[in-house]
1. Which condition breaks for Glu254 when tested against (1) among the charged types (D, E, K, R); (2) in contact (Cβ under 8 Å) with a residue 60 or more places away in the chain; (3) farther than 16 Å from Val151 by Cα?
2. Given the residues Glu162, Glu166, Glu137, which is the only one that is over 19 Å from the mean Cα position of the chain (by Cα) and within 21 Å of Glu254 (Cα to Cα)?
3. Looking only at the range 157-179, count how many residues are open to solvent by less than 10 Å² (accessible area, probe 1.4 Å) and either among the acidic types (Asp, Glu) or part of a helix (DSSP H, G or I) (or both).
4. Taking the options Lys93, Lys114, name whichever one is open to solvent by 80 Å² or more (accessible area, probe 1.4 Å), among the basic types (Lys, Arg) and out of contact with any Leu (no Cβ under 7 Å at 6 or more places or on another chain).
5. Starting from residues that are outside any strand (DSSP E or B) and of a type outside the set (Asp, Glu), keep the ones in the range 124-134 and report whichever is surrounded by the most Cβ atoms within 10 Å (Cβ to Cβ).
6. Report, ordered by the first and then the second residue, all pairs with beta carbons closer than 9 Å, sequence separation of six or more or different chains, a first member in the range 267-285 that is within 23 Å of Ala128 (Cβ to Cβ), and a second member that is surrounded by fewer than 18 Cβ atoms within 10 Å (Cβ to Cβ) and of a type in the set (Asp, Glu).
7. Here is a check on your reading of the model: is Lys45 closer than 24 Å to Asp9 by Cβ and among the basic types (Lys, Arg)?
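The values are calculated or read from the model by the stated rules, or taken from the named source; none is laboratory data. These figures come from a predicted structure and were not determined experimentally. All Cβ positions, even for glycine, are placed from backbone atoms using ideal geometry, and neighbour counts span all protein chains on display. Keep in mind that these areas ignore ligands, DNA and RNA; they rest on the heavy atoms of the full protein, side chains included. Shrake-Rupley method; radii C 1.70, N 1.55, O 1.52, S 1.80 Å.
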Amino acid sequence: MRFVTYEVDGNTLFGVKLEDAVIDLYELSKELHNGVAPDFLKDMKSFIQAGTDAFHYVTELVTKLKEIGNMNAHFLRKIEDIKLLSPIENPGKVVCVGNNYMDHCREQNVDPPKQPLIFSKWPSCIIANGEEIELPEESKQVDFEAELAVVIGKGGKHISEEEAEEYIFGYTIMNDVSARDVQFGDGQWVRGKSFDTFAPLGPVLVSKDEIANPQDLHIKLDVNGQVLQDSNTKHMIFSVPYIISYLSKGFTFEPGDIIATGTPHGVGVFRNPQVFLKGGDVCTIEIDQIGTLQNKVKE
């Protein structure tokens, strides 16, 4: 299923996206269960924290809706009548992996890392599909990075690679926007990666059952229609299960945590000539089986 967080009349809601509509799961539950709807249907993070029973509950709701066949019901909202928000607006952790594509290492002329190169982004820099990226005064070299993002589904530590899939809820798209002059000037990456609006995320969160192999997804980014990144997740140096296992040796994962798995070649700082974002630019990221994340740079 394709889950979304959205806004209607100032209220933040959670639902399942169809082709041209969103199912209001809370209202659908009340319709089908005599006015009863569990609290975990109120927001994405609560739903993820509620675990497999909640997922099965929603699966049954959606199945019953299809059986009813009433696509004009009050618990269905047209896409044009809602505002999509970031799928998860309050993750506990946003963990990122640097230099995780062979083609990205080659464009820098650096050896691939022997272990995952880890940094973080603050959750406060997350914005939704369609919201604007703001250029900070502190930087003249704001760059783009298309990334597959993994959302953790249940808590755990010391997770083996073989068990890692059990801990995944699903996948979405992140643009790891980066102020290169700040990033390299600081000597560590967190500040340059975590300015406000530097983590566009979404537009949907696709449950893991929809993606058979996260290590074979076409990933592409264009700026103003010009394709600058074009690769495949099969070129990752460290796979998603390895990353989860590696990270879980050091800290405990919690439901709703996000892992950004790295970016392929084509980023602006390593191009000749260099390409950095400017006001009015439009960044569009596409990943197979997930969709399209698009954000304009504020003028």
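1. Every condition holds for Glu254 apart from (3).
2. Numbers: Glu166 fails: over 19 Å from the mean Cα position of the chain (by Cα); Glu137 fails: within 21 Å of Glu254 (Cα to Cα).
Of Glu162, Glu166, Glu137, the one residue that is over 19 Å from the mean Cα position of the chain (by Cα) and within 21 Å of Glu254 (Cα to Cα) is Glu162.
3. Final tally of qualifying residues: 2.
4. Values: Lys93 fails: open to solvent by 80 Å² or more (accessible area, probe 1.4 Å).
None of the other options fit; the residue is Lys114.
5. Taking the range 124-134 as the starting set, the residues that turn out to be outside any strand (DSSP E or B) are 124-125, 129-132, 134.
Then keep just the ones that are of a type outside the set (Asp, Glu); that gives 124-125, 129-130.
Working: Ser124: 13, Cys125: 20, Asn129: 24, Gly130: 15.
Applying the filter and picking the extreme gives Asn129.
6. Note: pairs meeting the criteria are Val267/Glu107; Lys278/Glu299; Gly279/Glu299; Gly280/Glu299.
7. Values: closer than 24 Å to Asp9 by Cβ: yes; among the basic types (Lys, Arg): yes.
When the stated conditions are applied, Lys45 passes them.
Every residue, every condition in (1) more than 14 Å from Phe144 (Cα to Cα); (2) touching a Ser or Thr at 6+ places or on another chain (Cβ under 7 Å); (3) open to solvent by less than 30 Å² (accessible area, probe 1.4 Å); (4) in a helix (DSSP H, G or I), yes or no:
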| position | (1), (2), (3), (4) |
| --- | --- |
| Asp196 | yes, yes, no, no |
| Pro200 | no, no, yes, no |
| Val204 | yes, yes, yes, no |
| Asn213 | yes, no, no, no |
| Asp216 | yes, yes, no, no |
| Ile219 | no, yes, yes, no |
| Val227 | no, no, no, no |
| Pro241 | yes, no, no, yes |
